[in-house]
Amino acid sequence: MEHVLNSGMEFIGGLLEMATGSKIKPVEGDGKIVSLDKTTGEVTLKFKLPGF
């Protein structure tokens, strides 16, 4: 599930890059935008918007 969500965010990031020329950058060092906590079921999106 986490892999599928990260792939989707990479796709959306690619669309944003084509439209604006800027990438969405992951905040965490592991390169993941989406994190899934398997014990609580919590999904977290962490990324930096271009220009900030």
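The values are calculated or read from the model by the stated rules, or taken from the named source; none is laboratory data. Worth saying up front: this structure is predicted, and the values here are computed from it rather than measured. Virtual Cβ from ideal backbone geometry, glycine too; neighbours counted across all protein chains shown. Accessible surface is based on the protein model in full, side chains and every heavy atom, while ligands, DNA and RNA are left aside. Shrake-Rupley method; radii C 1.70, N 1.55, O 1.52, S 1.80 Å.
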Count of residues meeting criterion [at positive phi and open to solvent by 90 Å² or more (accessible area, probe 1.4 Å)] in the stretch 7-50
0
Can you say whether residue 4 is in contact with a helix residue (DSSP H, G or I) (Cβ under 7 Å, 6 or more places away or on another chain) and either open to solvent by 60 Å² or more (accessible area, probe 1.4 Å) or β-branched (Val, Ile, Thr) (or both), as far as the supplied structure shows?
no
